[in-house]
Amino acid sequence: MPRTHLGSSFCQLAAPANQLTVTRDIQSSMVLFRISAVRKAFGAVRALQWNDESCIEIDTGQVWAFAGENGAGKSTLAAILAGVAQRDTGSIELDGESYSPASIAVARNKGVQIVFQEPALITSLSIAENLFLGREGQFRKFGLQFRGQMIAAARELLADICPHIDPSSIARDVSLEDQKLVETARAVSMHPRCIIFDETTAAMSSHNTELVLDLIRRLKPTTAIIIVTHRTREIFEVTDKILIMKDGKFVSVRDTDKTTPDELSGLMVGREVDLNLRSKSPDDTGSSEPLLNVSGLSIEDGIMDFNVRLNKGDIIGIGGLAGAGQEHILRAIYGLETSVKGRVVVKGHDYEGRTPKRSIDKGILFSPKNRDREGLIIRQKVRENTVMSIIDRLATTGIAIKSRETRTASRLVKQLGIKCRSVEDMCQNLSGGNRQKVVLAKLLATEGNIFLLDNPTRGIDIGARAEIYQLLNRLTAAGAGIILVSDELQELLQMSDTILVIRERKVSKTFQRADNPQEADLIRYML
């Protein structure tokens with residue numbers, strides 16, 4: 001029988017013998033999943049509440065998008081299919097038989113793989129060890145582990161998706177984007193019947209996103225594929241069907257080729273959404289003393305000779321391919337990374353010996369790309385995370401005053417529209433978009449006016465994204481300045497007054513809004 005070719009690595013390595021040949025006819029579609037009337041609650045939160053008539057059938061050879069705002073239930077449904085969570089009621093069938101995997105391992109044995117939004121590698125192990133975790137036995141003989149064979153096999157697995165990654169490197173030393181590509185390679189190496197990408201590309205640049213989309217196209221003939229994404233462009237590029245959910249409820253199933261982006265947005269959000277929100281403050285002439293002036297900033301193996309002037313009311317966007325160096329800029333200004341040279345001036349005063357604590361005191365605030373690992377203490381409450389940076393201001397003689405914390409957190413939750421039952425909710429129980437809003441609430445609590453934002457809308461639905469853009473406009477209208485690093489080209493174009501394009505650790509081009517740059521212009525100076 002014919003089979004989609006993904007390179008010798010995926011055909012020959014790390015799969016049981018009975019999986020080495022695809023035995024189903026790729027020309028004929030077959031129903032893999034039948035999902036109906038599913039319901040799931042986490043405490044008082046009803047994450048899924050499909051009615052009895054709600055039903056979908058996912059066929060082999062189809063690419064589905066699960067679409068909806070944060071909190072719509074799409075990731076919950078994906079988690080149930082992958083064995084991460086179990087449904088409360090309803091019916092799920094796999095090949096016509098009841099399907100209710102009690103764990104990820106059970107789902108994998110049934111041929112269902114998931115690649116999560118946040119990295120799930122064991123950071124102390126090598127890339128090769130992560131790729132073959134649980135399958136190390138194939139490289140062991142007579143009690144001896146043949147590490148060289150594992151490295152070679154790992155290099156073959158990576159060659160078809162991410163050949164630039166060294167399989168002998170330790171996972172913690174690999175970028176967030178590359179970790180996601182490694183997880184993708186690991187999932188595909190097991191030859192799944194269904195693979196679920198849960199916001200996998202949310203942490204990826206345009207270049208690496210294209211690698212994943214190309215992989216999806218190649219897997220499609222023999223695999224059922226589900227993508228959970230907020231990137232409308234991805235939905236319309238690779239999917240056949242769209243499942244739309246809202247507030248845990250089934251809304252509609254649409255054929256992608258018979259749906260427009262505007263129709264999809266309306267079904268997801270229930271209202272018209274305007275993302276073209278940026279308007280430069282007419283009062284800012286750029287002649288006043290800048291909030292932040294960076295000159296000659298250089299970071300070892302990072303950025304070289306970086307210069308930027310941030311005025312009140314400005315949003316300066318920074319973009320580049322993964323590894324170009326832009327990911328180091330904000331961290332160095334904030335004090336999380338050490339620069340080898342360069343000068344940073346904050347509101348007219350030299351700022352040396354930079355640390356996060358000193359930066360906050362000077363009104364410099366940082367939102368990291370990886371919100372769950374660096375932006376939040378995920379197992380603490382909304383209240384505790386929101387007031388974390390100002391806890392000393394709300395305390396009396398060193399004693400925390402909970403009522404003050406609650407008032408401050410409640411005000412910010414209302415201001416940002418964070419969906420939670422109360423500020424005592426745990427952050428781990430919030431959707432991705434609401435977690436991001438908690439990160440921003442923590443920044444707003446400090447009342448600083450220099451915002452360093454690294455991909456602040458990563459993994460956020462279109463409605464929440466519009467709300468965050470409105471917030472950024474309000475901040476700049478009030479005199480704040482923002483430096484925005486983004487992997488989203490449209491975000492850079494829509495929200496920046498000035499765009500700095502990074503290539504090979506240096507600024508290759510500067511665009512002003514008046515230049516009316518397009519995506520192709522940005523890409524030209526990134527490559």
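Here are some notes:
- Å² of accessible area per residue within the chain, as computed with a 1.4 Å probe and no ligands counted: 43 Å²
- Residues 507, 63, 345, ordered by accessible area of protein heavy atoms at a 1.4 angstrom probe radius and largest first, appear as 507, 345, 63.
- Solvent-accessible area, 1.4 Å probe, carbon plus sulfur percent, for the chain: 49 percent
- Accessible surface, 1.4 Å probe, highest first, among residues 469, 525, 334: 525, 334, 469
- Sorted on the mean count of surrounding Cβ atoms within 10 Å across their residues, most packed first, peptides 224-231, 470-477 read 224-231, 470-477.
- 0 to 90° range, to nearest 10: angle between helix 206-219 axis and the chain longest Cα axis: 10 degrees
- Cα Rg, Dmax, the stretch 349-442, angstrom units: 13.8, 44
- Rounded to the nearest 20 debye, dipole of the stretch 61-164 from Cβ charges on Lys, Arg, Asp, Glu: 440 debye
- Look at the alpha carbon pairs under 8 Å that are at least 6 residues apart: their mean separation over the length of the chain gives a relative contact order of 16 percent.
- Per-residue surface analysis assigns residue 458 an accessible area of about 10 Å², computed on protein heavy atoms at 1.4 Å probe radius.
- Ligands, DNA and RNA excluded, the heavy atoms of residue 182 present near 0 Å² of accessible surface to a 1.4 Å solvent probe.
- Per-residue Karplus couplings for the stretch 247-256, computed as 6.51 cos²θ - 1.76 cosθ + 1.60 with θ equal to phi - 60°, are listed in order as 6, x, 9, 6, 9, 6, 10, 10, 6, 4 Hz, Gly and Pro entered as x.
- The alpha carbon centroids of the stretch 458-527 and the stretch 92-109 are separated by 43 Å.
- Distance (nanometres) between label positions extended 7 Å along Cα→Cβ at residue 527 and residue 490: 2.1 nm
- Rounded if a/c under 1.5, otherwise prolate or oblate - the stretch 127-195, Cα gyration tensor axes: oblate
- Between residue 379 and residue 53, the FRET efficiency estimated from the beta carbon spacing at R0 = 51 angstrom works out to 0.85.
- Kirkwood Rh in Å, taken over all unlike Cα pairs in the stretch 432-527: 14.4 Å
- Per-residue ellipticity at 222 nm, computed for the chain from helices alone with -39500 (n - 2.57) per DSSP H run of at least four residues, works out to -9000 deg cm²/dmol.
- Alpha-carbon centroids, the stretch 161-196 and the stretch 428-450: separation in whole Å: 30 Å
- This model, with +1 at the C-beta of Lys and Arg and -1 at the C-beta of Asp and Glu, gives the chain a dipole about its Cα centre of some 1260 debye.
- Among the trypsin sites (Lys or Arg not before Pro) found in the stretch 336-404, those both in a DSSP coil and sparsely packed, with 12 or fewer other Cβ atoms within 10 Å of their Cβ, are 379.
- The three principal axes of the C-alpha atoms in the stretch 39-89 carry coordinate ranges of 37, 23, 22 Å, sorted with the longest axis first.
- Taking 0.36 nm per residue of sequence separation and removing the Cα-Cα distance, the residue 170/residue 361 pair yields an extension gain of 65.2 nm.
- Length added when fully stretched, residue 414-residue 31, from 0.36 nm per residue minus Cα-Cα: 133.4 nm
- The stretch 317-382: GluC sites (Glu not before Pro) in DSSP loop, at most 14 other beta carbons within 10 Å: 352
The values are calculated or read from the model by the stated rules, or taken from the named source; none is laboratory data. What you see is a predicted model; the values in this text were computed from it and never measured. Backbone-built Cβ (ideal geometry, glycine too); neighbour counts: all protein chains shown. Side chains included, ligands, DNA and RNA excluded: accessible areas come from the protein's heavy atoms. Shrake-Rupley method; radii C 1.70, N 1.55, O 1.52, S 1.80 Å.
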